Each structure stands twice: as structure tokens, then as C-alpha cells.
1. Can you tell me which residue within the stretch D:122-160, out of those that are within 8 Å of chain C (Cβ to nearest Cβ) and under 30 Å from C:His358 (Cβ atoms), is surrounded by the most Cβ atoms within 10 Å (Cβ to Cβ)?
2. Filter the stretch C:211-229 down to the residues that are under 24 Å from A:Arg9 (Cα atoms) and out of contact with any Ser or Thr (no Cβ under 7 Å at 6 or more places or on another chain) and list them by number.
3. May I ask you to say which residue of A:Tyr113, A:Tyr109, A:Tyr100 is surrounded by 24 or more Cβ atoms within 10 Å (Cβ to Cβ) and free of Cβ contacts under 8 Å to residues at least 12 places away in the same chain?
4. In the stretch A:211-223, how many are surrounded by fewer than 23 Cβ atoms within 10 Å (Cβ to Cβ) and facing chain B (nearest Cβ under 7 Å)?
5. Got a sec? Which of A:Leu69, A:Leu33 is over 17 Å from D:Ser19 (Cα atoms) and either free of Cβ contacts under 8 Å to residues at least 60 places away in the same chain or not aliphatic (A, V, I, L, M) (or both)?
6. Give the residue that is nearest to B:Asn261 (Cα to Cα), with candidates limited to residues of the stretch A:268-314 that are part of a strand (DSSP E or B) and of a type in the set (Ser, Thr, Tyr).
7. Got a number for residues in the stretch D:321-353 being within 22 Å of D:Ala232 (Cβ to Cβ) and in contact with a helix residue (DSSP H, G or I) (Cβ under 9 Å, 6 or more places away or on another chain)?
8. Do we have any residue at all in the stretch A:167-174 that's surrounded by fewer than 21 Cβ atoms within 10 Å (Cβ to Cβ) and either within 14 Å of chain B (Cβ to nearest Cβ) or under 22 Å from A:Cys241 (Cβ atoms) (or both)?
4 protein chains.
Amino acid sequence: MNTFGNVLRLTTFGESHGSHIGGVLDGFPAGLLLDVDFLKNEMQRRKPGQSALTTERNEDDEVQIISGLFEGRTTGTPLAFIIKNKDANSGDYDALKNVYRPSHADFTYTEKYGIRDHRGGGRSSARETAVRVAAGALCKLFLQQKGIHIAGYVSQVGPIVCPLPYTELSLSEAEQSPVRCPHAETAREMEAYISQIKSEGDTIGGTITAVIQGLPVGLGAPVYGKFHAALASAMLGINACKGFDYGSGFDSLHRKGSELNDAFTTVNQSTVTKTNHSGGIQGGITNGNDVYFRVAFKPVATIKREQQSVTPEGEKTTFTAQGRHDPCVLPRAVPIVEAMAALVTLDHWLLAQTVIKHSEA
Amino acid sequence: MNTFGNVLRLTTFGESHGSHIGGVLDGFPAGLLLDVDFLKNEMQRRKPGQSALTTERNEDDEVQIISGLFEGRTTGTPLAFIIKNKDANSGDYDALKNVYRPSHADFTYTEKYGIRDHRGGGRSSARETAVRVAAGALCKLFLQQKGIHIAGYVSQVGPIVCPLPYTELSLSEAEQSPVRCPHAETAREMEAYISQIKSEGDTIGGTITAVIQGLPVGLGAPVYGKFHAALASAMLGINACKGFDYGSGFDSLHRKGSELNDAFTTVNQSTVTKTNHSGGIQGGITNGNDVYFRVAFKPVATIKREQQSVTPEGEKTTFTAQGRHDPCVLPRAVPIVEAMAALVTLDHWLLAQTVIKHSEA
Amino acid sequence: MNTFGNVLRLTTFGESHGSHIGGVLDGFPAGLLLDVDFLKNEMQRRKPGQSALTTERNEDDEVQIISGLFEGRTTGTPLAFIIKNKDANSGDYDALKNVYRPSHADFTYTEKYGIRDHRGGGRSSARETAVRVAAGALCKLFLQQKGIHIAGYVSQVGPIVCPLPYTELSLSEAEQSPVRCPHAETAREMEAYISQIKSEGDTIGGTITAVIQGLPVGLGAPVYGKFHAALASAMLGINACKGFDYGSGFDSLHRKGSELNDAFTTVNQSTVTKTNHSGGIQGGITNGNDVYFRVAFKPVATIKREQQSVTPEGEKTTFTAQGRHDPCVLPRAVPIVEAMAALVTLDHWLLAQTVIKHSEA
Amino acid sequence: MNTFGNVLRLTTFGESHGSHIGGVLDGFPAGLLLDVDFLKNEMQRRKPGQSALTTERNEDDEVQIISGLFEGRTTGTPLAFIIKNKDANSGDYDALKNVYRPSHADFTYTEKYGIRDHRGGGRSSARETAVRVAAGALCKLFLQQKGIHIAGYVSQVGPIVCPLPYTELSLSEAEQSPVRCPHAETAREMEAYISQIKSEGDTIGGTITAVIQGLPVGLGAPVYGKFHAALASAMLGINACKGFDYGSGFDSLHRKGSELNDAFTTVNQSTVTKTNHSGGIQGGITNGNDVYFRVAFKPVATIKREQQSVTPEGEKTTFTAQGRHDPCVLPRAVPIVEAMAALVTLDHWLLAQTVIKHSEA
């Protein structure tokens, strides 16, 4: 269950405080010239320690590609890469050996496997997501060549909601604030709010909105292969994610069919829709419009306050976290959401090649 | 892409107006005595024509099991079943040949495959979900023997929201109202609202809340095999579904970590949590609490009003639906949500058998 | 485990003496005009009762396609088909309830599932292969349009071996003899031999040789996706199959590398090989030559002689078969081998569409 | 297509002359104490340079496990391991850039991907099999605890065939000869023959016979999940493999049903068979007897003689190999065959846990 995808498959491995984390990306197109700077920049966007709002853990997150590249190009064989864990202060986690942290996976992993690597959460740590960002960067590079672009931003932090829809924002501006919200005023509010939450030793969640632009008509498949079902599975697979919606989603439930249907019309002899409440997907298949969706994240479970808990032996105890953690995971989660969206998109782009149309048969 | 599941796999087939729909359920336990009445009752719950709130299409939805049963018991080999399409008024749909219905899959299917069965939406019709309910009924029967119960209800219709959480409702009362909301007063409001929407020739969406009770600790897997990611994929695979959240979800984004963490304690020497904001899952793995989640549905796209559209040849046209459709899909979607939850649960229950714990190795 | 294939997937169901057998073929190209006569003819080739050499069970084997076809063409959605079991003399099998037939699956199914449908072998019966022939017929029709042709013939029956390699035979002549051997003199010997074996109440095995012609370069994948590994899995999945080899195979083990290597040369500016000991595959990937392989079948286990056995309760007993069975399964297995080869070929042909070459990236 | 298995999955990566090869083994049981010496010994058995009969390439083949182990035990999360390529004389292969080696994958990889890593065969090199041996060693350790043992030996080299069946050999003696044949006299003949072949600059193939002992009844599944079909796929996935048979196989085709059927009897109130022509499998499911099978390997394609070939640009040329290669791959392939058998066995052992029997339902 550590593999994601159908014909493009990412398999990841590694624990928070093991020697390395890494992954194998199989089914990737041949001949892509690797843009090393792009990869580095993507890793930088997820990296801990990038601002006062994020954990102080310090990792280079240098990606070492050990197979599938030849003379700088992908060869169509599996791309494997490893990332060294450098700043793993396992000492911080010795205390974790004897306590189940509330709302963490310590208890469930122990019950499921009868053994757990307690250091930094082991396999359940969000450290694993660095691997996804690396794989996603490769997918983005390929998709860009096909005119497909993916961009995410923080649209809500706690009670603070970005007031404009994505269509009225300049998404590239998200990178200009440490909270990755492209609406400058909201970004400042979010930043102040997270600082306050941090000073309280507490944590806060929110939403990320992401958009996939330039998609061809025809990605996704009927019934169980719907494009948005793949996105949902991808997003709910990210640590701390609690929800997903796309298009009209949860926020338009008060609106009627007559308000939400997307009428068809023609522009330059192409069939297009006048609105995009459908979120770019009809019947599970992309219709050429932007695919946009939201991802909800709960507050990080590690708070700097005393909490009630239980030891693995079943004794009541209390627990106060010592490690380094983010007060709000949202800003660093943006590249993770984008990476998972890129994996889904390229997987379905490749899958769509297997569909032979009437005119081709 | 017409197969769902890992070691328990449902493959479905059939179009809205073909001769049959049906499915193959592979990997199902041997030895289950089929409770025919239970199966019939589940089909009845999804069936069209069950109340004034639903489409008038009249189908028996009699499930004919043609393999995998011997002397009334399952044999461990594939269970195949077919359901005859009886009341398929394809005449109603002749007009659909020459128009893409707004917010339906007519356009995307045609573009993807170069051909479409326009009668009643063909494969994209929600008629396929009858097959899921049949398969889900079998799963429920097995899960009940293991003490696992799944119940869903309509928690929102348009602007009308059930005011109480599921923990304060008697879920079995949902079946007593045609809208399947267990809160009597809200149910009456919803019913009246849907009637009004219907009289306007319009449609409305809402949410279903579902609960899985009696789950053992340990279902689900790290990283890409998270129990809630499988649920999300299952739910987003249902027609008209636009969103999914579980546990604290979208509605608790204003709350902090200190408010949402589930403290551990012990009861009768078992490790339990004091609250269940996590929705019964930590790190992707069930912790023994109730798993609860919400599913958002958009309004049915078929409305009895003139809409702008385009023909397959790219000519602008208008379209007014003639067929029989639900003003609100929510009441009939309850058994579908439950069925998909049952498939996910049994699949992961079986998958969990493959995990060898430390003490067993 | 009742599904075969990657992006083209066949799921089958049904027992020997149930009401129907059938299958679902998912991922099939859209737009293929179904040639009903071709399908019927393929079914006829596998059908019981076609000559004095085969079982007298009499089945029409009429294939009823119940989804995925519209106005005679495939639509890209799942093709489901059912075949009624008509001449199922379950009475013949009542005796089987209380005995494990030697070298049949009665014992292993009972032990694995704790229950078995004893009538005619239930799910373990070769009756299931009719479904494969139906699905294979559809694949063959598509492959023929791409210039790919598959032909098999009986190359050995017991000690009688066809003396010429396939390259010196006219494969289409196989259909002119009831044993499906294209070498007329050998065919007569085989026929006489099988008649004798039948008169002894005994059974005999042999080999089928099959050839896939017209393949493009590039089907199959490195390491675990080798084209010949998929063929091997497909063939060993056929009832009574005991072995598979391709190219130089088992019979050239005495020959050296210098004798078996296929030197490259050019013809009309194309790179080709002078010989084809490789069997058309190098490194798991087709090289444009014919792919040829052999499949070994054991004698049918049902013989009309008294054999020692045991009852399900563990009592020693004897068993003499009463049902209708083939003295030699080889002639009827030819279309099954071809069908499985067609499924593998089209699956890999579709998979190859997902591989993006350097020049396309 | 670089992943093998169902619930136990091995994903491999790496090229012959890249920096590392490695793999990820997912779904492995938790709690296994790693026996490092056993792992080293298995690697040693496959390692190049172990005798005068094998290639002189010198690799430590030290396996570095970088995830999934905690305090010496497996944790149930993915086991990832890497092996450094040390003695990769890529210089030897510069010449390969401009020629397609006969009966190698140079041509097919280039055509499929439009690019190839020509150094040492890149991904198509048998160097990848070191990863399988490492993964197989872990599986063997677990299986041994369950009383399941796997042993292989060289049963044929060119025309020299081991005269006794495995049941009359002491399999552990295979390790005492450099050719890994447990029949001392035959081993000496094989050794002399390979030396002669080597002196001629030529290569030779043969067969490996392998046996799985101690299997429970019930591994494998009907139709497409047959235990022997999985073995066949695993074996044909090994470089240079041309064939597979099991039980009576190709060599008993002259024998009749009455001679090959395995009569049932009882021993100590257990149902057993008097003979084992079935090779321990009936209807695809293990029956508790030994599973035994043969694997045919062609001669290694690299010979030290001038051969005709073609350049990637389509010019005729000649080619004489310079690199270091085995005159006969069989002795080193024994641990690879065993490893693949171990992967199949543990995968199906785990899969069998998902089957709920009548008595358990």
C-alpha cells in the first residue's frame, strides 16, 4: 500500500529518522531532460525551516537520483531517488517510546503491526511527503511541455478565508508570501494569525485550493476511474488531510440545478461551457476547463501543551511535545498538493493513451 | 476502470437502457448464507419510484445471482449477478441523440470514445449504482456477522441542515421518512423543500452523513492505503458527488489543535480516546472508534427547464429534458453511500488479514 | 483472482453446472464493428461435441452480449456477455459429492473454501474457457485490423510429434483435421491414436504450438512486464496446462550461444535478424519477428477406469467416472490458447501506448 | 512494470552501470528478526566471480537496508535496500554505444524508448537479479519459520542431464559443486563441459529444477490466480529464461491419464496422494505435496566471437564482445530461481489469509 498510481506508479519508502527516505517512479516518459534547478526549487518549497512559520528542523532535502537517468535524460526505466535524513534529532523522540501521542498514528501502528519505529513518527511522519514532491516535480516538468500547469495556494487558515475565487487571483503571487496566499491582505492576516497560534503553543488548519489548467478533454474514466475520485484519493492520502471537494463542492449546496448547470456554447467552433461549476469534469472525464478543488487540513496534532494520554502498556500518563513542528502545515502542504495532483494528472494522461476511439479503431 | 477494490473487487457493467446491468464480486468470503430478503430490501431502498420525491421510472430491480452460490451459500468463487432493465423508455431519449445535456457526461464520453450510447446516459447513468447496492448488501451481511454496522442518512438538503450530530440521533429512524433524515422535524422541512423544488422543475443537492460502527483497530494502511482515502475514492466515484470529508472535516477548520486532538485514556484496560474528532482513523488506520464522514452531492443536472446547449455537430441549440428524474438524489443515494462504504470496509478487513504482526511472525 | 490483464482486463464467472457462465471485458477499444459470424465460429471451434474425438456434452455456446455494444459497435465501456449452460447433466455428478476425483481440484477447493460446488467441477471446470474464447475473439478482430494474426495448432499428441517447424507448415490447414494439426499425415496418426486411447477409456496429452505474426517492435516491458512472462502466465492459467516455452525453448538446450544467437542485418533499411531463435522477443520486448511458443497439456484427469480415492469425510473409496469427457483436450484447446494469446497481445499493445519515447517527450 | 506481486510487492530499480541497484519490498510481515548472515550468504551464492565458471566482474553485493527495519526487526512498512555498483568497467562497453549486440535487448529498448543506457546493458542486465535475491532471502527467512523450504539445483547443462529425479537426490549437496548439481558425477561432467565451452569463447544453457517443500494446502486461486501460473510468470521474468514446466511437464507427454493421475489415499487420517505427477498443485491450488518445477535457460548471448550486427544508425557492422560474462548462467541462476519462488510463495501465503472459509464465515 506504499504505491500510488496505475500506469505511472510512485512507490515510496523511509521513516522520519531512518537513514534515508526515497521513492521509485515507474512508467515515466523517456527522453525528458531533467531540469535540476526546478527540482531543487520544488524541494525548497516543501522544506522545513524555510520561514518563521515552519518547523526548525533543518534538512537539505537534496534528491539523489540513482537510476533511470542517462546523460541527463529519463530513459523510461524506473527513476529511483533517495534523500538523506540529516537533522534527525531522535533524542527529542526518546520520550515517545513510552507514550501514544494524541491524534497521531502511534497507537494504530502499534496495534496493527505489533511494533513501531517511534522516532519522529517513523513511517507515519509527513517527512515521507518530500518524496512525493520530488516525484511530482518530474511530472510537472513533463506536463508543462504538454501545456498543463498546476498551481495551489492557501485559501483558508482557521477562520481566515481568502475572499476571492481563484479566477480573480494571480496565482503566481502565492509564492511571494510565507503563507502562500496570493491575496496580499489575506496573506498578512493569515501570517499574523499563525504567529499568534504558534506563540500559544497551538496549531491551526485550513484549506488549500489548487487548479489544473490546460488539460485536454478526455482524462479520467467512467464509474471507478473518475478523474476527481483519483484526486480525492490522492489528497486524502496526505497527512492531516480531512476533506476534499471540487467544482461547486460543499459551499454551493444551497444552490439549485438551474443555477449550477454549465450551459454549452461554441467559441471558435469549439464546444465549451459558459460557466465551470462542474470543476472541469463531467461524468468523471475532463471537459477541457480548469479542474479546481479544495483540500482541508486539520491542525497539526503536535502541540506544545500538556495532553492526557496512555502508555503502550496501558497506563495513563501525560504528554507534552518537545520536537520541532509546524504551527500550521498549510504553507508547506501547497507543493505536496500540487505534486499529488501532478501524479494523478500524468497517470491519467498516460492512461488516456490506452483508450482507442471509434475513429481510430 | 470499471473495477473497484483490492482483494475484494467489484466489476460492474451495463448501460441505462441496455438489456441488463450487473456485476461480478470477486474475493468474497465463502460460506455466507444469503439472506434474500435483506438483499431485496436494500434494492428497494435505492429503487426508483419509491415515493413522490423520486423519479417515476419503474424497475423491479430484481437481482439474479448467476454464479458463486451453491445451496444458498457463497462458495468463494465470483458472485455474478444481473438486473434486467424493464422500464427503459428509450423513446424519451431520442432527442438526446442530437444534443449534449448541460452538466451531463454526453460531451465528455463522445469526445473520449468517439461514440456514445445516448439512451438514458448509457454507461454514465446512475442506474449503474443499483449494482453497487446489490454488492454492498452482500458485504453488509458478512460485516454484520463480525459486528460491523454501516448506516447513512440525509444530513442536508439545499440550505436545510440537520441540527444535531449523528451521535445525538437515532439513525434507524432515517428509514421512517421519505427523505431518510432521522430528525423528524428536519425531515419534514426537507420533504417540503424538495416538493417545492420539484414543482419548479428544478433540482437540489445536499449531504449524506454515514457512520461505520464496530470496526476493529487496524483497518487501513500507511501512506497510500489510508482507510479514509479509500472511502473518499469510493464516494467521489458516485454520480453527482462533489465532496467528502471525515471526522472534523471542513466544518471545524476554525478550531485549534488543542480543541481537536483526541486525548487517550483507558476504559476497562482498553486504550480509547475521550473524543472522536479524528473520525475513527489515525494515520490512515482505524482506531476502534466510529468512522463517520460526509458526502456532498450536487443537484441532479436534469432539470425541466430550457437550457442552452450544443449539438454533437457543434451547432448551438436549446434543450428541455423530458425523461423521468429525481428532484433530489439524496434519499436514494443513502443506500449507495452505505454500499460503497461496505465494499471499502470488507476489502480492508480482508486486506488486514494479510498483515502479519510482530507477535505472529 | 478471476481477472486477467492490465489495461485490458477480462473478469470471468460461472460454474460448469450453474445457470450461466460469462465475463466482462474492460478497456476494450471503442468503435469496433462486431463480426458476429467470426465470434460464432470461434465458439464453434472450442465447443464440445464437434467431433468423435471430443466430449458429447452438447452446448450451443451462444454468446449474449449484454453491455458495451451500441448499434453493433463497441463503445469503450465494459463488454459483458453471458452463455447459458444448457446440457448440464448434473445427475451424472451426484456421485461426485462423496468422492475426490484423482488429479482434479475437488480436494483443494474443498480445503481452501470449506465448501464446493461438486457438480461438474464447479468453477474449476474447463467450461470457464468458453468465456475466454469469446473475449479472445473480440481481441482477434481488433488485432486483425492492426495486421496482427494469431494461429495455433496441435504439434504433439502423446508420442506423436509433428515433424516440421511452424515455418514449414501452412497453419490454416490445421482447421481441416479434427485434431487441428496442419500436417496431414501426422494429423491422421494423431486421430487414430486418440481413438485408440478413447477406446481404452484413457486420456492423453500433448502440445500446442502458437504463432503471433505482424507484431510491432516494442510490446512488453523490462523486468516483470516481459511479453513472454505474460504469455506464460496466460497459458499456465489454462486447465491441464503443465508447461510453456518459447523460441529455442526446452528443445534446444544442447545448442550453444554461437548457434542460437540471432545476428542482426538490414533489409530495405530496416534492422532485422537473420534467424529467430529468440522467438521474436529480446529483453522481454517484441522485436518485430514472429512470436512462437509451445504449451504442454497433461492428459485429462477423468478416465473411465476405476481409481482409488477418498471421500470428503476421509474414508477410502474407489471412483469410476461417468460424465462426458474428452480423451484428448488438445484439439479443443487450440482456440483457448489463441484466445489467451490475443488477450495478452492486445493488453500489451494498449500498454505500449502509455510509453512515451524520447522523440515524443 | 518493475513491480512483482499482489499483496507482497517487490519494486526494483537500477542499471548495470548506474550508481546503485535496489528494491522496495512492500507488504512484508512485521517482527521478523533479520538474519544478516543468511542474507549475505544468499548474495554470495549469486555473486559474480565466485568460481572459474563465472564472470570475473567483482562486486561485494553488500545490501544496505535503508527503511523498514527497527532494532533489527521488520516493522511492516516498506523494506528498501540499495546495492552499490563498484566494479562497473563502463569502458568495456563504450563500443556498445554503436552496435546492437545479437540476442540482447539493445535494439528493442532503443526502439521502445528512443534512448538507452548502453553501459553494460543498462536496465536489461541480469545485474538487476541481485535485488531479487536480497528480497527472496527475506522471504525465505519468514517461510522457514512456517516450515516452508525452497531448494533449487542445476539439472541440465547443454546435453548433460542429471539422471535422477529430485526425490532421489540430496538437494543440500548442490552447494558443494561450483555448478550446483547435487549429483556428484554429473556435476563433474557439467563442470568440465562448461570449461570447454568457455575455452571456445562460447556459452551454453540448461535447466534448473526447484522444489518447494512444506507448503500448506490452499495456496493459489482458481482461474487466473493459479499458483503455477504465478511461478511461470516469475520464472519467465528472469533474464535468459525460455521455458517452464511443473509436475509431469514436457517430459511425460507420452504417458496416459491412467499413468499420471495421482490416486488419493489416507495416511494418519490425512488425505494424501500416492504419487505426485501433479507437482503439488490441483486446479491451481497447492495440495500439500512438494511443488516442483523446471526452468529452461538459453545460452548467454554474449560470446567471444565475431558476430554480424547493425549499428543504431542502420549500418551493417560486426561485433566481438569484450566484457566479462558467464559461459553458463545456470549455477548463478539457482539462487535467483529460488528467490522468485520465495516471492511467489510468500505472496500467495499472504493472499491465502484473505480467503475466508465456510467454517469461518
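The values are calculated or read from the model by the stated rules, or taken from the named source; none is laboratory data. What you see is a predicted model; the values in this text were computed from it and never measured. Every residue, glycine among them, receives a Cβ derived from its backbone with ideal geometry; neighbour counts consider all protein chains shown.
1. Step by step, filter the stretch D:122-160, then rank; the result is D:Arg123.
2. C:Ala221, C:Gly225, C:Lys226, C:His228
3. On the way: A:Tyr109 fails: free of Cβ contacts under 8 Å to residues at least 12 places away in the same chain; A:Tyr100 fails: free of Cβ contacts under 8 Å to residues at least 12 places away in the same chain.
Answer to the check: A:Tyr113.
4. If we filter the stretch A:211-223 for residues that are surrounded by fewer than 23 Cβ atoms within 10 Å (Cβ to Cβ), which is where we start, we get A:211, A:213-214, A:216-218.
Within this subset, residues satisfying the condition of being facing chain B (nearest Cβ under 7 Å) are A:217-218.
Here the count works out to 2.
5. Numbers: A:Leu69 fails: over 17 Å from D:Ser19 (Cα atoms).
Answer to the selection: A:Leu33.
6. Here is the first cut: in the stretch A:268-314, the ones part of a strand (DSSP E or B) are A:270-273, A:281-282, A:285-286, A:291-297, A:307-310.
This time we only want the ones that are of a type in the set (Ser, Thr, Tyr), so: A:270-271, A:273, A:286, A:292, A:309.
Working: A:Ser270: 51, A:Thr271: 49, A:Thr273: 44, A:Thr286: 38, A:Tyr292: 30, A:Ser309: 11 Å.
Ranking the candidates gives A:Ser309 first.
7. So the first thing to find is which residues in the stretch D:321-353 are within 22 Å of D:Ala232 (Cβ to Cβ), and the list is D:329-330, D:332-352.
With the extra rule that they be in contact with a helix residue (DSSP H, G or I) (Cβ under 9 Å, 6 or more places away or on another chain), the set shrinks to D:329-330, D:332-349, D:351-352.
Count: 22.
8. Within the stretch A:167-174 (the criterion being surrounded by fewer than 21 Cβ atoms within 10 Å (Cβ to Cβ) and either within 14 Å of chain B (Cβ to nearest Cβ) or under 22 Å from A:Cys241 (Cβ atoms) (or both)), the answer is yes, since at least one residue qualifies.
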